[in-house]
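The next block holds one structure in the form of C-alpha cells; read it before the comments.
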C-alpha cells in the first residue's frame, strides 16, 4: 500500500520492479515442479490463474504487486 516505504511499487504507480509476467512464469514453473513431485498446490494454482488473467489483460509489464488493484476491484489498472 502507498506510504510507508518510498521505494515501494505502490508509491511509483506500480512501475515494474519484478514484472507480473515474470511472476506468472515463476508460478507456472513452481506448479510444474510440484506436479513432478506429486504435490497439489491449490493456492499456487489460484495465484497463477489470477496472474494469467492479469497478464492477458495487458498488465504483464506492471510490477507484480499491481495485481492488488485488480483484487480490490479497481477497473483502472494501467501499464
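The values are calculated or read from the model by the stated rules, or taken from the named source; none is laboratory data. Nothing here was measured: the structure is a model prediction, and the numbers come from that model. Cβ coordinates were reconstructed from backbone atoms using ideal geometry, including for glycine residues, and neighbour counts include every protein chain displayed.
Assorted remarks:
- Looking across 39, 43, one residue alone is without any contact (Cβ under 8 Å) to a residue 24 or more places away in the chain and outside any loop (DSSP other than H, G, I, E, B). It is 43.
- Residue 28 more than 17 Å from residue 17 (Cβ to Cβ), at pLDDT 95 or above and under 13 Å from the mean Cα position of the chain (by Cα): yes
Each row is one residue, and each column tells you yes or no for (1) crowded, with 17+ Cβ neighbours inside 10 Å; (2) more than 19 Å from residue 71 (Cβ to Cβ); (3) out of contact with any strand residue (DSSP E or B) (no Cβ under 7 Å at 6 or more places or on another chain).
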{"position": "5", "(1), (2), (3)": "no, yes, yes"}
{"position": "34", "(1), (2), (3)": "no, yes, yes"}
{"position": "48", "(1), (2), (3)": "yes, no, yes"}
{"position": "60", "(1), (2), (3)": "yes, no, no"}
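- Residue list for the range 31-78, restricted to those being at positive phi and at pLDDT 95 or above: 38
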